[in-house]
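What follows is a single structure, written as structure tokens, with notes after it.
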Amino acid sequence: MERTWWKEAVVYQIYPRSFNDSNGDGIGDLNGITEKMDYLKKLGIDVIWLSPVYESPNDDNGYDISNYRGIMKDFGTMEDFDRMLAAAHERGIRIVMDLVVNHTSDEHPWFVESRKSKDNPYRDYYIWREGKNGKEPNNWGSCFSGPAWEYDGQTDMYYLHLFSRKQPDLNWDNPKVRDEVFDMMDWWCQKGIDGFRMDVISLISKVPELPDGKVGKNGYGDYGPYVCNGPHVHEYLQEMNRRVLSRYDLLTVGECSGVTVEEAKKYASLDGKELNMVFQFEHMDLDGGETFKWNERKIKLTELKQVLTKWQTSLMGKAWNSLYWCNHDQPRMLSRLGNDSPQYREVSAKMLATCLHMMQGTPYVYQGEELGMTNVPFQTLEDFRDIESINAYHELVGQGVIDGDTMMRYLRYKSRDNARTPMQWNDSENAGFTEGTPWIMVNPNYKEINAEEELAREDSVFYYYQKLIRLRHENPVIVYGDYKLLLPEHEALYAYTRELDGETLLVICNFSSEEQKMDLPEEFSGKEGTVLISNYEDSRPEEHMTLRAYEAAVYRF
Ligand code: GLC
Ligand code: CA
């Protein structure tokens, strides 16, 4: 396989609003990121993915953009951005921008024009339809509750918004829209950025008839089959690749809800015609159900192994994987799949990290993951800021689908806000994130869990991540090796091997708090194995092993 820097890189995601506030207004900002560049250098990451920093009315925290070439006032100025970019580059760290072009803000000048009249030159930049019998053009529900259509009295028509009503969907079938987007991307590339993370890029091409979807528990139709991996998505991405991406040395990753391995082989094919890699959601959806993500189900390890193994083996030699447990749209994985009790928090955080970082693909670390940050004890609905969570509460509780107390528990377990509370820098007030009032509550466990404490302690989660990242840089087998699952039916152990040029790694992770027995696989018996990394001091490769609570070890043969 061809070696490239983005296959060997580790990416760190920053959610700027919650990372570090430099001016005391309670909101993280670009200068705050620049201040922490040495921290990131110390961790050893290669790339920063910046969640959106563009001008935005903040209906969805910056994922509703009103000017693609301007910086949100809350975050600073374009000069601050340039300084941050330079500070990153000085340290050999690259910057990947979030590209949100399935939709704009309704305050974007294109949309302001578009809604004015049916013959406005910008009308076709968006997706407008006549109502049906005085109702929405079809039964689709929006991702953030309510219908996916908003009525506009000015022209007596509806516009499509898969997300909030302040996020109208762009019409990618209009070549002018594609020209605008590609020009804008080029402008950022000229500025010297190093890539794009493409927001819900699998949704940009809609089946033109926009047929009704299957009705779910909330009474709305599912648009998935008509917008995910739609008819022209690959054509448009190939055009984007020809006109922009191929002219620069970039890391490109598409957020692809609804992506299958077959589709991923097109999006992220190693022939480089579209993107470098995709974010798939299959492992994240394993605990979904009738009421979508809102429940308290636990992911079954056997199912997790089956899904991740499918992605590892199906893309092998054909396309490239991305690897993630956490991002700004997911609760903390440590609280979901690990164990966030004081006794097991650190050891299970390290175990999860080992399991993911030893796979093939480009790993993504989400801010605070490297500290073992946990879900947040939100008390009331007023503690939440996320539009998805708040709307879902009103919709599902309002319709009587879920009762209020139960829904609060679901939010506490699954809300995206669990990932969005401030980064915990030290044990001073507000975790050292701000000198003002933070825009969202700080997790009260910052007194125990914070960067300063971990940087001063050799066996911390931070240094464990640092080591995983270093090992990836030093060992091609971690990047390029073949993956093979062992013990597929085991309910508590996730074990697999990686193999390249006669070198084999054996990765063993205990996902439970109980001891688990495992025999050394026959292929290794009699061979001398060494410890590459482990989360207990005395892990050893032996014929008959007993894995302790959340023990993880990587042996090299
Ligand atoms: C993506 C983003 C998410 C956002 C949505 C709409 O899924 O990651 O945060 O709410 O798209 O832009
Ligand atoms: Ca600030």
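Say each of Glu107 and Met1 gets a label point 7 Å from the Cα, pointing the same way as Cα to Cβ; how far apart are those two points in nm?
4.3 nm
HN-Hα J couplings of the stretch 54-67 from phi, Karplus 6.51/-1.76/1.60, θ = phi - 60°, integer Hz, Gly and Pro as x?
Couplings: 7, 4, 6, x, 6, 5, 10, 6, x, 7, 10, 9, 9, 7 Hz.
Want the number for Asp427 to Glu303: 0.36 nm per residue separation, take away the alpha-carbon distance, what's left?
40.8 nm
Using the 4.7 Å Cβ rule, please list in number order the cysteines from the chain without any candidate partner.
Result for the chain is Cys143, Cys189, Cys228, Cys256, Cys326, no neighbouring Cys Cβ within the cutoff.
By how many nm would the segment from Arg470 to Lys318 lengthen if fully extended, with 0.36 nm per residue of separation less the alpha-carbon distance?
52.1 nm
Of the heavy-atom accessible surface of the chain (probe 1.4 angstrom), what whole percent is carbon and sulfur?
46 percent
What per residue convex hull volume, in Å³, do the alpha-carbon atoms of the stretch 384-456 yield?
88 Å³
Stretched out fully, how many nm does the piece from Lys191 to Gln379 gain, at 0.36 nm a residue minus the Cα gap?
63.3 nm
Over the Cα atoms of the chain, how large are the radius of gyration and the largest Cα-Cα distance (Dmax), in Å?
Spelled out, the Cα radius of gyration and Dmax of the chain are 23.3, 78 Å.
Mind listing the long-range amide H neighbours of Ala495? Cut-off is under 5 Å, sequence gap 5 or more, other chains count too, H placed in the peptide plane at 1.01 Å from N.
Leu486, Cys509
Would you mind working out the magnitude of the charge dipole of the stretch 218-288 relative to its Cα centre, with +1 at each Lys and Arg C-beta and -1 at each Asp and Glu C-beta, to the nearest 20 Debye?
The dipole magnitude comes to about 420 debye.
Can you tally the net charge around Asp74? Count Lys and Arg as +1, Asp and Glu as -1, for every other residue whose Cβ sits under 12 Å from the Cβ of Asp74.
Net local charge, Asp74 excluded: -3.
Keeping all protein chains in place, calculate the accessible area per residue for the chain (probe 1.4 angstrom), answer in Å².
Spelled out: the 1.4 Å probe surface of the chain, per residue, equals 38 Å².
If packing is taken as the average number of other Cβ atoms within 10 Å across a peptide's residues, how do 334-344, 200-210 rank, most packed first?
Packing order, densest peptide first, comes out as 200-210, 334-344.
Of the cross-linked pairs Lys73/Lys116; Lys300/Lys527; Lys7/Lys298; Lys7/Lys266; Lys132/Lys206; Lys166/Lys206, which ones have a Cα-Cα span greater than 29 Å in the structure shown?
Violating the 29 Å Cα-Cα cut-off are Lys300/Lys527; Lys7/Lys298.
Can you tell me the convex hull volume per residue for the stretch 16-152, based on C-alpha atoms, in Å³ to the nearest whole number?
Cα convex hull per residue, to the nearest whole number: 135 Å³.
With a Förster radius of 51 Å, plug the Cβ-Cβ distance of Glu8 and Lys447 into 1/(1 + (r/R0)^6) and report the FRET value to the nearest 0.05.
It comes out at approximately 0.85.
Tell me, what is the FRET efficiency for Asp119 and Asn218 to the nearest 0.05, using R0 = 30 angstrom and their Cβ-Cβ distance as r?
Efficiency, rounded to the nearest 0.05: 0.25.
Pop a pseudo-label 7 angstrom from the Cα along the beta-carbon direction at both Gln238 and Leu270 and give the gap in nm to one decimal.
Spacing of the two 7 Å Cα→Cβ label points: 2.0 nm.
So, counting K/R as plus one and D/E as minus one, what does the shell of residues with Cβ under 10 Å around Val461 add up to?
Once positives and negatives cancel, what remains is -2.
Once you treat every alpha carbon in the stretch 149-282 as an equal point and sum by Debye, what is log10 I(q)/I(0) at q = 0.09, 0.18, 0.22 Å⁻¹?
Normalising to I(0) and taking log10 leaves -0.30, -1.08, -1.43.
Along Cα→Cβ, 7 Å out, is where each label goes; now give me the distance between the ones at Ala86 and Arg69 in nm to one decimal.
Label at Ala86, label at Arg69, 2.2 nm between them.
Say R0 is 25 Å: what FRET efficiency, to the nearest 0.05, do His394 and Tyr151 get from their beta-carbon distance?
0.80
When the Cα centres of the stretch 462-524 and the stretch 265-335 are compared, how far apart do they sit, in Å?
18 Å
The values are calculated or read from the model by the stated rules, or taken from the named source; none is laboratory data. Keep in mind that what you see is a predicted model, and the values were worked out from it rather than measured. Cβ: placed from backbone, ideal geometry, glycine included. Neighbour counts: every protein chain shown. Each accessible area value is taken on the protein alone, full model and side chains, heavy atoms only, with ligands, DNA and RNA left out. Shrake-Rupley method; radii C 1.70, N 1.55, O 1.52, S 1.80 Å.
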